[in-house]
1. Tell me whether the stretch B:13-30 contains one or more residues that are part of a loop (DSSP other than H, G, I, E, B) and either buried (at least 17 other Cβ atoms within 10 Å of the Cβ) or small (G, A, S) (or both).
2. Can you name the residue in the stretch B:138-158 that is at the interface with chain A (Cβ under 9 Å from one of its Cβ atoms) and among the β-branched types (V, I, T) and, of all such residues, is farthest from B:H48 (Cα to Cα)?
3. Could you please let me know if B:L160 is surrounded by fewer than 20 Cβ atoms within 10 Å (Cβ to Cβ) and within 29 Å of B:G101 (Cα to Cα)?
4. Looking at the stretch B:24-33, is at least one residue free of Cβ contacts under 8 Å to residues at least 60 places away in the same chain and either over 18 Å from the mean Cα position of the chain (by Cα) or more than 11 Å from chain A (Cβ to nearest Cβ) (or both)?
5. State all residues of the stretch A:210-221 that are within 9 Å of chain B (Cβ to nearest Cβ), out of contact with any Ser or Thr (no Cβ under 7 Å at 6 or more places or on another chain) and not β-branched (V, I, T); if no residue qualifies, say none.
6. Which of the residues spanning the stretch A:436-455 are part of a helix (DSSP H, G or I) and crowded, with 21+ Cβ neighbours inside 10 Å?
7. Tell me yes or no: at least one residue of the stretch A:190-200 is within 30 Å of B:F144 (Cα to Cα), surrounded by 24 or more Cβ atoms within 10 Å (Cβ to Cβ) and either touching a residue at least 40 places away in the same chain (Cβ under 8 Å) or hydrophobic (A, V, I, L, M, F, W, C) (or both).
Amino acid sequence: MSEKNYLTTDFTLRSWFLTTDHKRIAILYFASLIFFFFVGGAAATAIRIELATPQADLVSSDVYNRLFTMHGIIMVWFFLIPSIPNTLGNFIVPLMIGARDLAFPRLNLMSWYVFMLGGCVTLFAILAGGIDTGWTFYTPFSTLYSNSYVIVAAAGVFIAGFSSILTGLNFIVTIHRLRAPGLTWYRLPLFLWSLYATSVILVLATPVLAITLLLMATERFFGVGIFDPRIGGDPLLFQHLFWFYSHPAVYIMILPGMGVINELVSCFSRKEVFGYKFVAWCSLAIAAVGFLVWGHHMFVSGQSLVASLVFSFMSFIVAVPSAIKVFNWTATLHKGSIHFDAPMLYALAFIGLFTIGGLTGLFLACLAYDVHATDTYFVVAHFHYIMVGGMVTAYFGGLHYWWPKITGRLYSEYWARTAAVLIFFGFNLTFFPQIILGAEGMPRRYHVYPPEFQVWNVLSSGGAAILAVAYLMPLFYLGYSAFFGKRAPANPWDAPGLEWQTSSPPPEFNFETQPVVTREPYQYNERFEAEPQNA
Amino acid sequence: MPESSAVAPQYASIPHRDHTAELGMWVFIATEVLLFGGLILAYLVYRHAFPQGFAAGSRHTEIVIGTANTAVLLTSSFLVAWAVEIFSPATSKIVTWLLVGAACLGLVFIALKALEYSGEYDEHLVPGINFQFAGPKANGVQLFFIFYFIATAIHALHMLIGIGLLITLAIICRRASTKRHHTALHSAALYWHFVDVVWIFLFALIYLPGRSTS
């Protein structure tokens, strides 16, 4: 290990904050996202403590509004959307395609600075007194009635949006132009297909959010009536524009997770992903159809019944490619040589939790049931199963899988498995009771509730405590391993992907010689000509 | 860097770099289309709801200035296209002047726009600042002018960025014009033409409704 890797080329702060190395930028993002995750998590903790009893005993209703808004804004825009793309994606995409960097390395660094600027503006809004509109900024409350820092928070989200766009643009161009010789589209690992689909959504949906927030902030600042019905504006137009971004954004928050799961399931079953082309095209199908379902957030808003019927139908359609993926992962497991390493435990947890999230989504796509479930804990449980049970679990899985590549160290398998199991149980204990609460009619966004709901709320808060501990654990054992862990070989999982063919951690420009690809991905059956393993 | 070549390490060759940069600009334009697309959608929804008000609002815009600005912008785009077409180290002087000319026309556009804004301010047509309009169409007219100001202001911001790009390229061309700036020029030209195309849409949406009736 005498040769320098990307971590040891230079140790100055300047070399980190002015780096254009995609791997170092991924680390910058990683550190920032850990911070935001715990800020959002702190708000969630306060919410769950408050909800342990039916009365208001921790916070007032006004503070509670600010807590769940802060939780939503931070978790959606400053954790989930950048999570896998900007950390794992940034690190792995060039390695997976055999490139020496992303297409636009300086743009990549700029996107981190833009992200941090947006984050700081949003944190300022929170510290100055918070926002009470919910993460959706619905008008006319946000424009006419709210006495909180709406414009500042919207500005933070607006700025962070540019970071999303720049990242998406960089990935699209990189995947088109910088693939290694021989790496055709159908030889791309499925993680890249997912990230490509995600990037298309980032580039096409985010600007609509930008213009929507701009219109909302203009109305609030100048006191004009863009969405104000008293002078002819239409508050529903805001919802349409907002969800035109925010429903595709839901797929920004799950597609990268699905991509990671392909890699994990295949590696730890030692098998090709079943139905590669179906899975690849399903990512794009989800991205495309995902643009046509936003109206299912507005079934009770008073939109026309015809519109609701169409959106309901489309919402069922968009479940098809997701279901194909789940079936293909289980088919990949079938007769595989399954290894229960920590990343695989996360992957299996993902499949289970995502399935529950997806099926509850079908309930909500039904017009008749949705009228009952709208704005109840059923919805809260549904999207947490997708975003936390799905995306966050996949994020942890991917993090463990690529950790040896990123840090060059091996983590404690024992602690990693313990954390994975705890996350699975903690998560279900937190959110399954919320499905029941929602079905029984407990509305979301209230800090007091009738006493008959207390049993389920106590269970949920107890689960949240377990989940909090489980989410803190990787901070310790992964943090420890980064400095004191066993040295990792180049290819600890014996996997055929290009990222494993270079040393761990990779050198500054990833590959000593330009790799050439001659086969399909996931060839676990044949012995691929592995590089000589580091002793 | 491992090898001291003209291109950054992630590219195999100069053409590879140039094609990649150009694709980057196209993707960026795609994102811009959706930015203006959202705004134009909102405009169309309200125009559908208030056809009379929007026609009345449109009749209060300065169609002479709007038309003149359209001509100015199209001419400026033509100069940029010309510069791209003849670009080579030998023609750097002409290219520089073409770019300066295009940037100056951009500034003329901004100046005319400012003139137009001040006229609307005098007529009390600026929502949120001094809007006054009597009659049953007031709501529609106000919505029209809200969109008028937001759309033209965002467009003007894009113009200013484009003018900055053109001037930067003119300076580069004057100092040291080499083949490698062709892609930079080409990408900036794409952006400039895009801003131009947006204006064509805005022109039709802002100045033309309600002109045939009164």
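1. Within the stretch B:13-30, one or more residues are part of a loop (DSSP other than H, G, I, E, B) and either buried (at least 17 other Cβ atoms within 10 Å of the Cβ) or small (G, A, S) (or both).
2. In this case the residue turns out to be B:I154.
3. yes
4. Checked the stretch B:24-33: no residue is free of Cβ contacts under 8 Å to residues at least 60 places away in the same chain and either over 18 Å from the mean Cα position of the chain (by Cα) or more than 11 Å from chain A (Cβ to nearest Cβ) (or both).
5. A:A210, A:L214, A:L215, A:F221
6. Of everything in the stretch A:436-455, those that are part of a helix (DSSP H, G or I) and crowded, with 21+ Cβ neighbours inside 10 Å turn out to be A:L437, A:G438.
7. Step one: filter the stretch A:190-200 for residues within 30 Å of B:F144 (Cα to Cα), giving none.
No, the conditions are met nowhere in the stretch A:190-200.
For (1) small (G, A, S); (2) in a helix (DSSP H, G or I), each residue gets a yes or a no:
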site	(1), (2)
A:D10	no, no
A:T19	no, no
A:A26	yes, yes
A:F36	no, yes
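The values are calculated or read from the model by the stated rules, or taken from the named source; none is laboratory data. The structure presented is a predicted model; accordingly, all values stated were derived computationally and were not measured. We place every Cβ from the backbone using ideal geometry, glycine too, and count neighbours over all the protein chains shown.
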